[in-house]
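The values are calculated or read from the model by the stated rules, or taken from the named source; none is laboratory data. Values in this document were obtained by computation on a predicted structure and should not be read as measured data. Cβ placement follows ideal geometry from the backbone for every residue including glycine, while neighbour counts extend to all protein chains displayed. Accessible surface areas use protein heavy atoms only, side chains included; no ligands, DNA or RNA. Shrake-Rupley method; radii C 1.70, N 1.55, O 1.52, S 1.80 Å.
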Amino acid sequence: MQRALPAWLRLLVFSGMLAISSVVSAAPRVLIITQAFEGPHAETLAALRHALAGTEVELKVQLASAPSLQHEPASIVVTIGSEAAALAAASPSHTDTPILHTLLPASAVPAPTEGRAQTIAIVLDQPATRLVTLLRLALPQTQTIALIAGPSSELAVDRVRAAAQDAGLKVRQSHIDNSDALFPALQHVLVEPAVLVTIPDAVVFNRYTVQNILLTTFRRRSPVLGFSAAYVRAGALLGLYSTPTQVGEDAADAVLDLIAGRPRPALSPPQRFEVGVNNTVARALGLELPTAESLMRELRRVEASAP
């Protein structure tokens with residue numbers, strides 16, 4: 001007959017089992033702060049949730065304007081949208097919690113704050129080399145590109161200029177500080193036909209300027225490479241952009257990397273992307289382009305084979 005364990009030993013074993021159970025059951029908690037529950041923010045959130053559905057990650061979602069924003073414990077904070085990023089960065093809470101910013105341009109990424117834990121961002125800006133490679137694939141006869149920089153896009157425009165020059169392209173570039181200077185800048189960079197490469201900047205490319213830009217470039221026989229699907233629908237010949245769903249999927253990859261302790265750069269471009277082609281504009285300009293699917297496939301192949 002087995003002797004019963006002493007009471008003190010039973011208590012020790014029981015305490016150990018509880019500790020093991022709590023470690024096993026403790027799942028990383030991700031607090032998602034979204035700017036809105038509609039439009040691209042909702043699409044990004046849905047994709048992030050779906051991508052993490054089969055993992056042990058626990059998700060908590062809050063609107064950026066929620067009064068209890070500062071009181072939610074989390075292992076990782078994910079922001080969706082520029083306003084959510086700014087609010088989370090300014091919050092006195094979660095100073096020891098890694099923050100991942102998504103669905104925002106590089107110009108809107110909050111500056112690092114001293115004393116905060118790791119802050120990383122996946123930005124909407126496409127890499128300069130990806131833009132130039134797409135131009136080479138879609139329009140191999142292109143010799144000149146046109147660039148217009150605004151107050152928040154100088155660095156991004158400089159990167160595209162450098163990548164284009166490395167690829168043997170000529171560059172005509174202009175800088176403006178306000179929308180009133182846009183038309184003279186267009187006249188300068190499009191003095192001869194060129195491909196206008198649009199770089200996100202609210203002063204240069206916004207809903208009030210898009211139609212004038214597209215009309216001016218069309219009249220000057222200068223195709224436009226846009227940074228959104230909306231630009232392609234409006235009249236840009238080409239588009240290179242990441243959808244909200246792709247942003248959410250990229251964010252899920254980053255969350256899993258952070259949980260696993262894998263290093264991530266402070267700022268990175270989207271890994272997933274789409275190519276758009278406006279065939280109506282192509283015909284009007286007398287151009288024959290490969291399909292969007294074939295361009296995207298070849299662009300991904302080029303990137304995969306790059307050292």
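Going by amide H atoms built from the backbone, whose H comes under 5 Å of the H on Ala121, apart from near neighbours?
Hits under the 5 Å cutoff: His101, Leu267, Ser268.
Quick one: what are the phi-derived ³J(HN,Hα) couplings along region 183-190, Karplus 6.51/-1.76/1.60 with θ = phi - 60°, whole Hz, x for glycine and proline?
Karplus values, whole Hz, x for Gly and Pro: 5, x, 5, 4, 4, 5, 6, 10.
Compute the helix-to-body angle for 39-51: its Cα long axis versus the longest principal axis of the chain, expressed 0 to 90° and rounded to tens.
Roughly 50 degrees between the two axes.
Val195's amide H: which non-local residues (gap 5+, or another chain) put their own amide H closer than 5 Å, with H modeled 1.01 Å from N in plane and none for Pro or chain starts?
Answer set, sorted by chain and number: Thr144, Ile145, Ala146.
Please list 3J(HN,Hα) in residue order for region 75-91, calculated via the Karplus relation 6.51 cos²θ - 1.76 cosθ + 1.60 where θ = phi - 60°; whole Hz, with x for glycine and proline.
8, 9, 10, 10, 10, 10, x, 5, 5, 4, 4, 5, 5, 5, 5, 8, 5
What relative contact order, as a whole-number percentage, does region 221-292 give when Cα pairs under 8 Å and 6 or more residues apart are counted? Walk me through the intermediate numbers first.
Details: 83 pairs, mean separation 24.3, N = 72.
Across region 221-292, relative contact order equals 34 percent.
Karplus couplings for region 28-36 from phi (6.51 cos²θ - 1.76 cosθ + 1.60, θ = phi - 60°), rounded to Hz, Gly and Pro as x?
x, 9, 10, 9, 9, 10, 10, 6, 7
Given H placed on each backbone N at 1.01 Å, which residues far from Ser75 in sequence or on other chains put an amide H within less than 5 Å of it?
Correct list: Arg29, Val30, Leu31.
If you consider only alpha-carbon coordinates, what radius of gyration and Dmax does the chain have, in Å?
Using the Cα atoms of the chain, the pair Rg, Dmax is 24.3, 100 Å.
Per 10 Å bin, what is the whole-percent P(r) computed from every C-alpha pair distance within region 96-142?
Reading upward from the zero bin: 24, 33, 23, 15, 6, 0.
Sort the following peptides by mean Cβ neighbour count (other Cβ atoms within 10 Å, averaged over residues), highest first: 168-179, 261-272.
On the way: 168-179: 15.1, 261-272: 12.9.
So the order, starting with the most tightly packed, is 168-179, 261-272.
Could you work out the Rg to Rh ratio of region 179-307, with Rh taken as the Kirkwood radius (inverse of the mean 1/r over all Cα pairs)? It would help to have the intermediate numbers written out before the result.
Working: Rg = 17.3 Å, Rh = 16.6 Å.
For region 179-307, the value is 1.05.
Roughly how much of Leu59 is accessible, in Å² to the nearest 10, using a 1.4 Å probe?
For Leu59, the solvent-accessible surface is approximately 50 Å².
Measure nothing but the geometry: give the 0 to 90° angle between the long axis through the Cα atoms of 244-260 and the longest principal axis through the Cα atoms of the chain, rounded to 10°.
Here the helix axis deviates by roughly 40 degrees.
With every protein chain kept in the model, how would you rank Ser305, Ser242 by accessible area, 1.4 Å probe, largest at the top? Don't skip to the answer; put the middle values down first.
On the way: Ser305 80, Ser242 20 Å².
The ranking, largest first, comes out as Ser305, Ser242.
Cα axis of helix 7-25 to longest principal axis of the chain: angle in degrees, 0 to 90, nearest 10?
Relative to the chain, helix 7-25 is tipped by roughly 10 degrees.
Work out Dmax and Rg for region 41-174 from the C-alpha atoms and quote the Rg first, both in angstrom.
In order Rg, Dmax, the Cα atoms of region 41-174 give 19.0, 57 Å.
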